[in-house]
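Asks: Just passing along the structure, written as structure tokens.
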Amino acid sequence: MCVANTGKILSIDSEKNNASVDFRGSRINARMGLADVKVGDRVLVHAGCILQKVSDEQYEEWVALANEIENETEEA
Amino acid sequence: MKDLKEIISFLKEYDGEEIRIMEICGSHTGAIAKNGIEAMLSEKICLISGPGCPVCVTPSAYIDRLIELSLESDTTVVTFGDLLRVPGSRESLREAQGRGAKVKMVYSPMDIIGIAKDSPDNKFVFAAIGFETTTPVYALLLDTLVKEKIENVKLLTALKTMPEVVDVLCSGGAKINAFIAPGHVCVVTGSRIFEPAAQKYHLPFVVSGFEGEDLLRTIYLLVQNKGEGKVINNYPSVVSYEGNEKAQALVEKYFTKADASWRGIGNVTGSGRLIRPEFSRYDAGSAGLEYDEKKNKACSCDKVIMGLISPEECPLFGKICNPGNPQGACMVSPEGSCNTRFCMG
Ligand code: SF4
């Protein structure tokens, strides 16, 4: 039940607090109000609501950090 | 970070001390089965499913109360589809439909707003079950009801929180060495919520995504960190240490911490949430729904949920109990351990 899917915000209707989100070609309306997002953001949608912005930078930073730790451990 | 190939061969060839890893998210249970993860692991790495499916841990008292409400002349119960076939102490909501229960299925709790506005003379009750992931959605629903002054909608809540039940599992008999922490719960709460349990029981928790590759990396990290009391975030694109603070604030505004009754486990102190007294006009009577009577006395859901037996060890599994004729909640939802095992082998 905690399933959530990642899509991209195509447009926002601020009056209705709704965003149109693209999930690999299908457009779905998702409710806003739980996270600060804008058009173009990749977002995680759960039970019809945008739960979080997806951060590619954070992911990349983490991979770089994990690599660093791994290399240090191997060298030690 | 090792590449995936190295991780796969490490996990297949692992010959160290046995490690028992529990996943406590129903979506992880499904993803593990779908990706055939168990077959990729050495016999020394055991995966156990825990109480991660909200439908499976909802006690029969809650289902009975939903049925009662749905039979009131002016009330319709609105719910996610999964809940329809969960046995109450005598029948499920679907069975009750045969004697006039009014039930409507939706994709999102927010859909109830349009339904209620279209029928102002009728009352609607949303069956609000779920963990920390879904509670903010119910908070957003309450916020909308308050702001738009919609008075013909209430929630019957059975909301659960993970850390308290993890405490019960760690002190139970399942001998767990490590946890795959629920990724979408942590999106909301932050990875920090599992730190106290990690430190108290000296167990690693790795927050995981839901792709096969994510899960393999997670299991690798758990094996590498066996015996270490720490939380590792392996889902950093959406999970942070603090979590979604905006969602947390909205949850705090509308809900208060409360005890909760878990099917198969019983009452767990502080493991749930109830609507705050100041918003009680939106509550359809959620407090005190505690009793849990089995429809079929031989159902072993309680032991399956606690990780004490695997679904096949239940005497009813695959015989009288199957997805077409579920005897217990674990066979109903595609996230339930028995259903997953039956459908994906
Ligand atoms: S197989 Fe059916 S009866 Fe047995 S524990 Fe699972 S749900 Fe309950």
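Asks: Quickly run through the stretch B:199-219 and pick out the residues that are under 20 Å from the mean Cα position of the chain (by Cα), among the small types (Gly, Ala, Ser) and either surrounded by 24 or more Cβ atoms within 10 Å (Cβ to Cβ) or in a helix (DSSP H, G or I) (or both).
Replies: Scanning the stretch B:199-219 gives a single hit, B:208.
Asks: Also, I was wondering about something else. Please pick out the residue among B:272, B:307 that is crowded, with 21+ Cβ neighbours inside 10 Å, more than 14 Å from every other protein chain (Cβ to nearest Cβ), away from the ligand (no atom under 16 Å from the Cβ) and under 19 Å from the mean Cα position of the chain (by Cα). I'd like the intermediate steps shown before the answer.
Replies: Working: B:307 fails: away from the ligand (no atom under 16 Å from the Cβ).
Within the list B:272, B:307, the selection yields B:272.
Asks: Looking at B:188, B:239, B:251 in this structure, which one is over 17 Å from residue B:22 (Cβ atoms), aliphatic (A, V, I, L, M), in a loop (DSSP other than H, G, I, E, B) and within 19 Å of the chain's Cα centre (by Cα)?
Replies: B:239
Asks: If you don't mind, there's one more thing I want to ask. Looking at (1) in a helix (DSSP H, G or I); (2) surrounded by fewer than 20 Cβ atoms within 10 Å (Cβ to Cβ), find the lone condition where residue B:90 falls short.
Replies: Failing condition for residue B:90: (1).
Asks: Could you go through the stretch B:35-47 and let me know if any residue there is more than 14 Å from chain A (Cβ to nearest Cβ) and on the phi > 0 side of the Ramachandran plot.
Replies: Of the residues in the stretch B:35-47, the ones more than 14 Å from chain A (Cβ to nearest Cβ) are B:35-47.
Still in the running and on the phi > 0 side of the Ramachandran plot: B:36.
Scanning the stretch B:35-47, I find at least one residue that is more than 14 Å from chain A (Cβ to nearest Cβ) and on the phi > 0 side of the Ramachandran plot, so the answer is yes.
Asks: Which members of the stretch B:48-102 meet the condition of being touching a residue at least 40 places away in the same chain (Cβ under 8 Å), aliphatic (A, V, I, L, M) and more than 14 Å from chain A (Cβ to nearest Cβ)?
Replies: B:48, B:61, B:66, B:69, B:77
Asks: Out of the residues in the stretch B:242-269 meeting the condition of being farther than 19 Å from residue B:143 by Cα, exposed (fewer than 15 other Cβ atoms within 10 Å of the Cβ) and more than 14 Å from chain A (Cβ to nearest Cβ), tell me which one is nearest to the ligand (Cβ to nearest atom).
Replies: The first filter runs over the stretch B:242-269 and keeps only residues farther than 19 Å from residue B:143 by Cα, leaving B:242-243, B:258-269.
Pick out the ones that are also exposed (fewer than 15 other Cβ atoms within 10 Å of the Cβ) and you get B:242, B:266-267, B:269.
Of the ones still in play, those that are also more than 14 Å from chain A (Cβ to nearest Cβ) are B:266-267, B:269.
Working: B:266: 17, B:267: 20, B:269: 26 Å.
Selected residue: B:266.
Asks: So which pairs qualify, if the first residue must be in the stretch A:42-55 and of a type in the set (D, E, K, R), the second must be buried (at least 24 other Cβ atoms within 10 Å of the Cβ) and part of a loop (DSSP other than H, G, I, E, B), the Cβ gap must be under 9 Å, and the two must be at least 6 apart or on different chains?
Replies: A:53/B:238
Asks: Going residue by residue through the stretch B:116-130, is there one that turns out to be closer than 30 Å to residue B:194 by Cα, crowded, with 23+ Cβ neighbours inside 10 Å and of a type in the set (Val, Ile, Thr)?
Replies: Yes - at least one qualifying residue is present in the stretch B:116-130.
Asks: Just for the stretch B:310-345: of the residues that are more than 9 Å from the ligand (Cβ to nearest atom) and surrounded by 24 or more Cβ atoms within 10 Å (Cβ to Cβ), which one is nearest to residue B:81 (Cα to Cα)?
Replies: Top of the filtered list is B:333.
Asks: For the stretch B:141-159, which positions are within 11 Å of another protein chain (Cβ to nearest Cβ) and buried (at least 23 other Cβ atoms within 10 Å of the Cβ)?
Replies: B:141
Asks: If we keep just the residues of the stretch B:106-134 that are away from every other protein chain (no Cβ under 14 Å) and not polar (S, T, N, Q), which is nearest to residue B:263 (Cα to Cα)?
Replies: Applying the first criterion (away from every other protein chain (no Cβ under 14 Å)) to the stretch B:106-134 yields B:116, B:118-125.
Applying the additional criterion that residues be not polar (S, T, N, Q) yields B:116, B:118, B:120-121, B:123-125.
Numbers: B:116: 31, B:118: 36, B:120: 35, B:121: 35, B:123: 28, B:124: 25, B:125: 22 Å.
For the stretch B:106-134, the residue satisfying everything is B:125.
Values quoted throughout were computed directly from the atomic coordinates according to the rules given, and no laboratory measurement underlies them. This is a predicted model, so every value here is computed, not measured. Counting neighbours? That spans all protein chains shown, and the Cβs are built from the backbone with ideal geometry, glycine included.
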